[in-house]
Structure formats: structure tokens, C-alpha cells
1. Among the residues of the range 9-19, is any on the phi < 0 side of the Ramachandran plot, loosely packed, with under 13 Cβ neighbours inside 10 Å and not hydrophobic (A, V, I, L, M, F, W, C)?
2. Take the residues of the range 1-27 that are farther than 18 Å from Leu48 by Cβ and assigned to a loop (DSSP other than H, G, I, E, B): which is modelled with the lowest pLDDT?
3. Just wondering, is there one or more residues in the range 21-32 that are in contact with a helix residue (DSSP H, G or I) (Cβ under 7 Å, 6 or more places away or on another chain), closer than 22 Å to Glu103 by Cα and surrounded by fewer than 17 Cβ atoms within 10 Å (Cβ to Cβ)?
4. Of everything in the range 95-131 that's at pLDDT below 80 and in a helix (DSSP H, G or I), which residue is farthest from Ala24 (Cα to Cα)?
5. Pull up the range 48-81, narrow it to residues that are assigned to a loop (DSSP other than H, G, I, E, B) and modelled with pLDDT of 80 or more, then point me to the one that is surrounded by the fewest Cβ atoms within 10 Å (Cβ to Cβ).
6. What number of residues within the range 28-47 satisfy the criterion of being assigned to a helix (DSSP H, G or I) and not β-branched (Val, Ile, Thr)?
Amino acid sequence: MKSPKLSVRSSPKTIHKALWSWLAEHPKIKTKRTWPGWKTPNLTSKYLFLFCPACYVAVHKAPLNSALSDRCTHCPLVTPSGRQLSKRVSPACLDGLYKDWSEAKTVADRKKAAMAIRDLKWDPIKKGPKR
């Protein structure tokens with residue numbers, strides 16, 4: 001799958017899809033920081049928070065003084081169980097899918113988790129800040 005042309009104005013959903021598509025295509029990679037898309041001007045600084053477009057949306061939707069773990073409830077991703085995220089960050093992140101990816105023992109397992117994260121639905125109400 002060819003990655004779309006990205007810019008700092010690309011939607012968080014587009015960035016998310018491109019990031020996780022690349023990670024699924026490169027399952028030997030064990031960190032999101034190595035994605036070539038971060039070389040897009042200003043993209044890294046925008047998404048520096050956990051290198052995660054969904055976390056970026058959650059942080060900007062949550063009240064300013066909210067705890068980090070409470071911000072997960074504002075995540076735009078709908079978990080595999082079809083519910084919004086719990087108030088715990090990890091290992092509950094994405095119903096454990098992120099942990100499955102980050103702690104995968106085989107490239108096949110890492111690829112499967114990356115594809116599952118890539119394909120998560122975004123809640124249209126929580127699509128992200130207008131910046």
C-alpha cells in the first residue's frame with residue numbers, strides 16, 4: 001500500500017492509517033519513531049506526544065487539567081470490543097492491541113496487531129481539533 005502524501009495539515013486519521021500501514025508492512029520494526037513519515041516538516045513536533053495521532057486528538061479534546069490516564073477516554077479510536085477506551089493507559093490501550101504490537105514475540109504477531117490497529121474505526125464525533 002502506497003503511503004499518501006502527508007503534510008502537517010493531514011488529518012490525524014490519515015496520519016494514523018499511514019503510520020500503522022507502514023508498521024504492518026515492516027513488522028521487524030519495534031518502534032513508531034522510525035516511521036519515515038515523521039520526516040514530513042513539522043509533523044514530528046505536532047505528534048510528539050507518544051508519536052500517536054489518536055493520543056494527539058485525545059489530549060486536545062480532554063480538559064486542560066485532566067490526568068494523562070483520563071485523556072484516554074477522549075481517544076477517537078473505537079476499540080475491538082466496540083467501546084470507548086477505559087481510563088487506564090497501558091496495557092488497556094486499544095483493548096490491549098497496542099501491548100500486543102509492542103510486546104509481540106514474532107513478526108507475524110506484530111504485523112497482525114499493526115493491521116488491527118490500522119483498521120480500527122474512528123468515532124466521527126471525536127475526529128480531532130481544528131488547528
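1. Among the residues of the range 9-19, at least one is on the phi < 0 side of the Ramachandran plot, loosely packed, with under 13 Cβ neighbours inside 10 Å and not hydrophobic (A, V, I, L, M, F, W, C), which makes the answer yes.
2. Filtering the range 1-27 for residues that are farther than 18 Å from Leu48 by Cβ and assigned to a loop (DSSP other than H, G, I, E, B), the one modelled with the lowest pLDDT comes out as Met1.
3. Yes, the range 21-32 contains at least one residue that is in contact with a helix residue (DSSP H, G or I) (Cβ under 7 Å, 6 or more places away or on another chain), closer than 22 Å to Glu103 by Cα and surrounded by fewer than 17 Cβ atoms within 10 Å (Cβ to Cβ).
4. Ile125
5. Once the filter is applied, the top-ranked residue is Val78.
6. Qualifying residue count for the region: 9.
The values are calculated or read from the model by the stated rules, or taken from the named source; none is laboratory data. Only a predicted model underlies this, so the values are computations on that prediction, with no experimental measurement involved. Cβ coordinates were reconstructed from backbone atoms using ideal geometry, including for glycine residues, and neighbour counts include every protein chain displayed.
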